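Enquirer: Below is one structure. I have some questions about it.
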Amino acid sequence: MHEKRFDGEIERLRAPERLKRLEVERVATFCLDSAVLRNVLDVGTGTGVFAEAFSERGLEVSGIDANPKMITVARLFVPKGSFREATAEALPYPNASFDLVFLGLVLHESDDPLTVLQEAWRVTRNRVCILEWPYRDEEVGPPLAHRIEPEELTQMIQKAGFLHWEFQAFSNTVVYRLSG
């Protein structure tokens, strides 16, 4: 159980070359485009890279991570954020709590991706954005066996209850924007 979860050095998550590869600003812009959003839940927040980007754009930020060490680091970078230890499969929030639920490189690590999507759908009022690695063998990111095939992700999106989705391929990642 949890064999796919990140277990590397926390400092590596904020390395300049990694941040450049993630294109944080472009991802945040795509997630926020064409919607009025007040708050965001960053699921699998890690060190708070995306929580920080959303906070800098004026959103009220909450985040969860299964690793308490990650929560400690995220709080340093986003002191106004609200962070809790929790798993993506069991979000500790009431229905329709957030305008945006952001799953940043976490879906491929989850034990039950469909449940993660269902939980994200349950706690959002507006949209869910999924940042994932493209389905191709690369030197960076998880091995191909841990990545999600686009067809499989589309099936999960439908099963979770989303009616509309689109995606944007960036240089090293893909962002899916989902709504009712």
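Enquirer: Taking the Cα centre of segment 74-129 as origin and charging only Cβ (+1 Lys, Arg; -1 Asp, Glu), how large is the dipole, in debye to the nearest 20?
Expert: 400
Enquirer: Still on this structure, please answer the following. Which of these, G48, G104, G58, has the largest mean-square fluctuation under a Gaussian network model of the chain (Cα springs below 10 Å)?
Expert: Largest GNM mean-square fluctuation: G58.
Enquirer: Please give me the summed charge of the neighbours of A74: other residues whose Cβ is under 13 Å from its Cβ, Lys and Arg +1, Asp and Glu -1.
Expert: +1
Enquirer: While we're looking at this one, here's another question. Classify segment 91-147 as rounded, prolate or oblate, taking a ≥ b ≥ c as the square roots of the eigenvalues of its Cα gyration tensor: rounded when a/c is under 1.5, otherwise prolate if a/b is larger than b/c and oblate if not. The partial results should precede the final answer.
Expert: Values: a/c = 3.53, a/b = 2.29, b/c = 1.54.
Judged from the Cα gyration tensor, segment 91-147 comes out prolate (a/c at least 1.5, a/b above b/c).
Enquirer: Then there is this: Per-residue ellipticity at 222 nm for the chain, helices alone: DSSP H runs ≥ 4 residues times -39500 (n - 2.57), over residue total, nearest 500 deg cm²/dmol?
Expert: So the calculated ellipticity at 222 nm is -9000 deg cm²/dmol.
Enquirer: A follow-up question, please. Report which label in (1) 17.0; (2) 16.0; (3) 17.5 holds the value of Kirkwood radius over Cα pairs in Å derived from the coordinates of this structure.
Expert: Computed from the coordinates, Kirkwood radius over Cα pairs in Å corresponds to (2).
Enquirer: Okay, next question. A15: net charge of surrounding residues, Cβ under 13 Å, Lys/Arg +1, Asp/Glu -1, itself excluded?
Expert: Residues close to A15 contribute a combined charge of +2.
Enquirer: Right, another one. Of L41, L19, L107, which has the largest mean-square fluctuation in a 10 Å C-alpha GNM of the chain?
Expert: L19
Enquirer: Let me ask another. Can you tell me the FRET efficiency between E60 and Y135 if r is taken as the Cβ-Cβ distance and R0 is 25 Å, rounded to the nearest 0.05?
Expert: Given R0 = 25 Å and the Cβ-Cβ separation, E is 0.15.
Enquirer: Compute, for segment 107-180, the length of the dipole vector about the Cα centre, with Cβ point charges of +1 (Lys, Arg) and -1 (Asp, Glu) only. Units Debye, rounded to 20. Before the final figure, lay out each step's value.
Expert: Working: 7 positive and 12 negative charges, 104 e Å.
In total the dipole reaches around 500 debye.
Enquirer: Have a look at the DSSP beta bridges in segment 17-179 and tell me what percent are antiparallel, nearest 5.
Expert: DSSP beta bridges in segment 17-179 are roughly 40 percent antiparallel.
Enquirer: What order do you get for 134-144, 24-34, 120-130 when each peptide is scored by the mean count of other beta carbon atoms within 10 Å, highest first?
Expert: Highest-to-lowest ranking by the protection proxy: 120-130, 24-34, 134-144.
Enquirer: Across the chain, how many lysine pairs, 8 or more positions apart or on different chains, have C-alpha atoms separated by under 25 Å? Please give the number.
Expert: Step by step, the pairs that qualify in the chain add up to 6.
Enquirer: What's the extension gain from N95 to S171 if we count 0.36 nm per residue and subtract their Cα-Cα distance?
Expert: Working: separation 76, 0.36 × 76 = 27.36 nm, distance 3.42 nm.
So the chain would gain 23.9 nm between N95 and S171.
Enquirer: Something else about it: Could you pull the Rg and Dmax for segment 75-180, using just the Cα atoms, both in Å?
Expert: Values for segment 75-180 (Cα only, Rg and Dmax): 14.0, 39 Å.
The numbers here are math on the coordinates, done by the rules we state, and not lab data. Fair warning: this is a prediction, and the values are worked out from it, not measured in the lab. Note that each Cβ is placed from the backbone with ideal geometry, even for glycine, and that neighbours are counted across all protein chains shown.
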